[in-house]
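Here's the structure, in structure tokens; my notes come after.
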Amino acid sequence: MATTLARVIPLVRKAVAPLRPLPEPADLYCRVVIALFLHTPQKASGLCEACGEGWPCAQMKRACFLIEAF
């Protein structure tokens, strides 16, 4: 019965990509510090200098969230 169903309903097997390892805490901390230096508000417009989003941008929010975890 299983072989008959397999012929009628082909089973799709997706290739699973290997998981990337999580960054080490020191590497993550360096990335957060870089984001804090790059993503600063423009005085005149109130937009982020690096990405042009409204201040605080998504990168700055994420960096502030992660810096509190350390």
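Given an 8 Å cut-off on Cα distances and at least 6 residues of separation, report the relative contact order of segment 22-70 as a percent. Present the calculation step by step, with values, prior to reporting the outcome.
Numbers: 41 pairs, mean separation 15.2, N = 49.
Contact order relative to length: 31 percent.
What number do you get for segment 22-70 when its Cα radius of gyration is normalised by 2.2 N^0.38 Å, N = residues? Write out the running numbers ahead of the final one.
Values: Rg = 11.5 Å, N = 49, 2.2 N^0.38 = 9.7 Å.
After normalising by residue count via 2.2 N^0.38 Å, the value is 1.19.
Quick one: ARG31, ARG20, fewest Cβ neighbours within 10 Å first, how do they rank? Numbers along the way, then the final one.
Working: ARG31 14, ARG20 6.
In order of increasing Cβ crowding within 10 Å: ARG20, ARG31.
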Taking amide H positions as placed 1.01 Å from N in the peptide plane, with prolines and chain starts having none, which residues 5 or more places from THR40, or on another chain, fall under 5 Å of its amide H?
GLU49, ALA50
Once phi is turned into θ = phi - 60°, what whole-Hz ³J(HN,Hα) does the Karplus curve with 6.51, -1.76 and 1.60 give for every residue of segment 34-51, x standing for Gly and Pro?
4, 4, 5, 7, 7, 8, 10, x, 7, 5, 6, 9, x, 9, 6, 5, 7, 10
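For segment 22-70, give the magnitude of the charge dipole about the Cα centre (Cβ charges: +1 Lys/Arg, -1 Asp/Glu; no others), in debye to the nearest 20. Write down the numbers at each step before the final one.
Values: 4 positive and 5 negative charges, 30 e Å.
Result for segment 22-70 is approximately 140 debye, rounded to the nearest 20.
Values quoted throughout were computed directly from the atomic coordinates according to the rules given, and no laboratory measurement underlies them. On a predicted model such as this, the values are computed, not experimentally measured, just so you know. Quick reminder, even Gly has a Cβ in these numbers, built from the backbone with ideal geometry, and neighbours come from all protein chains shown.
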